[in-house]
Amino acid sequence: MNWKELEQRAHVPYSKVPKACVIESSSGSFYPGVRIENVSFPLTMPAIQVACCLCLADGETPKSVHISNAYALEQFDFWVNEFNLSVVESPKIEAIIFESPTLSVNSSEVKPTLIALLDKAITTNSDFPVSALLFCKEGVVPGVNIEVSDWTKGLCGERVAISKAISYGLTDFDSMSLHTLKGEFSSPCGACRQVIHEHMPDNEINFYHADGTLSTHYTSDLLPFSFTSKSLAK
Ligand code: THU
């Protein structure tokens, strides 16, 4: 994998400017992150936010950020300060080995997997863990919510799963399942609905509620009269 190949995973239909970085954790694991734009521009996930959240969601601590030095990354100063990251200009990332992003989860394992995943959420501010499983053609990608010192810079569990899949080059999404132990009714927030709409507008989504019940919906029903615009894609 070289920078160009990693950058090609970025979802940048509006700016057409792909961006990527790689976070190395304190135990030596590597996490890719790509820029993921949204038709509602402020919901765009910067590459460094994605890579740091993927590292944290894996129970690891970000130690350094590898950049190609070809462009400026949004939110760069925040994440570098938050984790005291060392900045490594790496013209070549060919030697980096990324672990598989997918879990193998059969249908009877979905609920226990979602419950076990809650332990990986970082909810320093809310104490409200959320877990998500994104069922992709190539496998099941997990996500949990991540909170950092700035409330606006964390990501919900659903968006961690989506940004993880995309950063690892998986884009063929089948369905999503999510769970929160504390909520009475597990359901994605408005921002997640907008992001889900961009990547899986007509798919099944399963809510595993705190009371043990399950409800199945279509993502198309989650965001009626949603914001779209043909003019924004350049
Ligand atoms: N949260 C999610 O992870 N998903 C949602 O759809 C709703 C909200 C998280 C974000 C934050 O970490 C905590 O729940 C409280 O808002």
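The values are calculated or read from the model by the stated rules, or taken from the named source; none is laboratory data. Because the structure is predicted, anything quoted here is derived from the model rather than measured. A quick note on method: Cβ atoms are made from the backbone with ideal geometry, for glycine too, and the neighbour counts reach across all protein chains shown.
Pick from 23, 36: which is under 12 Å from residue 164 (Cα atoms), among the hydrophobic types (A, V, I, L, M, F, W, C) and buried (at least 24 other Cβ atoms within 10 Å of the Cβ)?
Sole residue among the options that is under 12 Å from residue 164 (Cα atoms), among the hydrophobic types (A, V, I, L, M, F, W, C) and buried (at least 24 other Cβ atoms within 10 Å of the Cβ): 36.
Have a look at 111, 120 and point out the one that is surrounded by fewer than 22 Cβ atoms within 10 Å (Cβ to Cβ), of a type outside the set (Phe, Trp, Tyr) and farther than 20 Å from residue 29 by Cβ.
111
Quick check on my filter: what residues within the range 26-45 are of a type outside the set (Phe, Trp, Tyr), out of contact with any helix residue (DSSP H, G or I) (no Cβ under 8 Å at 6 or more places or on another chain) and within 20 Å of residue 151 (Cβ to Cβ)?
42, 44
What are the residues in the range 136-165 that are in contact (Cβ under 8 Å) with a residue 60 or more places away in the chain, of a type in the set (A, V, I, L, M, F, W, C) and either within 11 Å of the ligand (Cβ to nearest atom) or surrounded by fewer than 23 Cβ atoms within 10 Å (Cβ to Cβ) (or both), if any?
144, 146, 148, 155, 160
Looking only at residues that are more than 14 Å from residue 115 (Cα to Cα) and among the charged types (D, E, K, R) in the range 170-188, which one is nearest to the ligand (Cβ to nearest atom)?
Among those residues, the one meeting the criterion is 184.
Answer yes or no: is there a residue in the range 105-117 that is closer than 24 Å to residue 151 by Cα, free of Cβ contacts under 8 Å to residues at least 12 places away in the same chain and within 16 Å of the ligand (Cβ to nearest atom).
The answer is no; no qualifying residue exists.
Looking only at helices (runs of 4 or more DSSP H) that lie completely in the range 75-189, which have at least 3 residues being at pLDDT 95 or above and over 22 Å from residue 202 (Cβ atoms)?
By residue number, 76-82, 110-117.
Looking only at residues in the range 189-218 that are in contact with a Lys or Arg (Cβ under 9 Å, 6 or more places away or on another chain) and not aromatic (Phe, Trp, Tyr), which one is nearest to the ligand (Cβ to nearest atom)?
Among those that are in contact with a Lys or Arg (Cβ under 9 Å, 6 or more places away or on another chain) and not aromatic (Phe, Trp, Tyr), it is 192.
Yes or no: the range 126-135 includes at least one residue that is more than 15 Å from the ligand (Cβ to nearest atom), acidic (Asp, Glu) and surrounded by fewer than 18 Cβ atoms within 10 Å (Cβ to Cβ).
no
So which residues in the range 190-206 are surrounded by 20 or more Cβ atoms within 10 Å (Cβ to Cβ) and outside any helix (DSSP H, G or I), if there are any at all?
200, 205 - these are the residues of the range 190-206 that are surrounded by 20 or more Cβ atoms within 10 Å (Cβ to Cβ) and outside any helix (DSSP H, G or I).
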